[in-house]
Amino acid sequence: MNCKVGTDSKIIISYVTHVVDPPWIAIPIMRYIHQMIEALDFFEIQHIYRDTNMVADHLAGMEPSVEFLEIIPSSFAEDCI
């Protein structure tokens, strides 16, 4: 399985890529994340500027009331693509 992640958080990228140690409270979740990454065939994380990340900002602002939200790309509004 392959995974490519885009985020506007440079600090998260530095935690995931082991450039900076996370705060002590985040160490358990980062260990879990690294275990999941190791199970992948391919993983890439890259910085995306917030100004150009309007779709993600829109999705984050939706605040779903469910634990799991499946996003189907074909259901995006035309102006988001």
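The values are calculated or read from the model by the stated rules, or taken from the named source; none is laboratory data. All figures in this text were calculated on a predicted structure; none of them were measured in a lab. Counting neighbours? That spans all protein chains shown, and the Cβs are built from the backbone with ideal geometry, glycine included.
Selection of first residues in the stretch 26-47 that are at negative phi and of second residues that are basic (Lys, Arg), restricted to Cβ pairs under 7 Å at least 6 apart or on distinct chains, gives the following pairs, ordered by first then second residue: GLU44/LYS4; HIS47/LYS10. Among the residues examined, ARG31 qualifies as among the basic types (Lys, Arg) and at pLDDT 90 or above.
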